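Visitor: Below is one structure. I have some questions about it.
The values are calculated or read from the model by the stated rules, or taken from the named source; none is laboratory data. Please read all numbers here as calculations on a predicted model, not as lab measurements. No Cβ is skipped: glycine too gets one built from the backbone with ideal geometry, and neighbour counts run over all protein chains shown.
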Amino acid sequence: MIENLSEKERFELIEVGSDEDLGTIVVTQSQIDENRKALDWPEAPFPVLHGTKPDSTKALFPPRVNARSIRQFFNPPIPGKKVTLRMRIVDKYLRDGAPYVVEQTTATDEDGRIIEVMTVHQLLRTKKVGEKWA
């Protein structure tokens, strides 16, 4: 059972280089329109894309903090096309004794066009955030 493992044991289970399928979605014009409205940017070419399945690090460390996020956009999605999301563990490290993981998610449409690549540094010990202001 994962909940019986220590933080160190859970961190050791994360494999750098592992690759996961986060699911396939069909981008709709409605999603694009809703994203444009939320951003207050009528011509925003890229909606926020989310996988249909959680990645394995969320199971190991359910509450996580986004410490850094980099999004690279390549091709706007075409409504009606299937987009596959794949996540790869790029790195993991300790900083001041706190565990971090670097995940890179690539969204590719059914024609093989890369839509976006998002690289996220996740702080896996959320109580560390509270210590900063204590």
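Visitor: Quick test for you: out of F46, F11, F73, pick the one residue that is of a type outside the set (S, T, N, Q), under 17 Å from L123 (Cβ atoms) and touching a Pro at 6+ places or on another chain (Cβ under 8 Å). Break it down stepwise before answering.
Guide: Numbers: F46 fails: under 17 Å from L123 (Cβ atoms); F73 fails: under 17 Å from L123 (Cβ atoms).
Selected residue: F11, the only one of F46, F11, F73 that is of a type outside the set (S, T, N, Q), under 17 Å from L123 (Cβ atoms) and touching a Pro at 6+ places or on another chain (Cβ under 8 Å).
Visitor: Could you please let me know if K58 is more than 13 Å from the chain's Cα centre (by Cα) and basic (K, R)? Steps first, answer last, please.
Guide: Values: more than 13 Å from the chain's Cα centre (by Cα): no; basic (K, R): yes.
Answer is no for this residue.
Visitor: For N4, indicate whether it is loosely packed, with under 11 Cβ neighbours inside 10 Å, within 12 Å of the chain's Cα centre (by Cα) and over 18 Å from I114 (Cβ atoms).
Guide: No; evaluated as a whole, the condition is false for this residue.
Visitor: Now a separate question. Could you grab me the full set of residues in segment 7-44 that are surrounded by fewer than 11 Cβ atoms within 10 Å (Cβ to Cβ), among the small types (G, A, S) and more than 19 Å from L85 (Cα to Cα)?
Guide: Within segment 7-44, S30 is the sole residue that qualifies.
Visitor: I'd like to verify a number: residues in segment 45-62 that are aliphatic (A, V, I, L, M) and surrounded by 17 or more Cβ atoms within 10 Å (Cβ to Cβ), how many?
Guide: So the answer is 2.
Visitor: Also: Output yes when any residue across segment 24-41 is in contact with a His (Cβ under 7 Å, 6 or more places away or on another chain) and of a type in the set (K, R), and no when none is.
Guide: Within segment 24-41, not a single residue is in contact with a His (Cβ under 7 Å, 6 or more places away or on another chain) and of a type in the set (K, R).
Visitor: Exactly one of these conditions fails for G97: (1) in contact with a Lys or Arg (Cβ under 9 Å, 6 or more places away or on another chain); (2) at pLDDT 95 or above. Give me its number.
Guide: (2)
Visitor: List every residue pair whose Cβ atoms sit under 6 Å apart, with the two residues 6 or more apart in sequence or on different chains, where the first one lies in segment 63-76 and is surrounded by 13 or more Cβ atoms within 10 Å (Cβ to Cβ) and the second, anywhere, is of a type in the set (D, E, K, R) and part of a loop (DSSP other than H, G, I, E, B).
Guide: N75/R113
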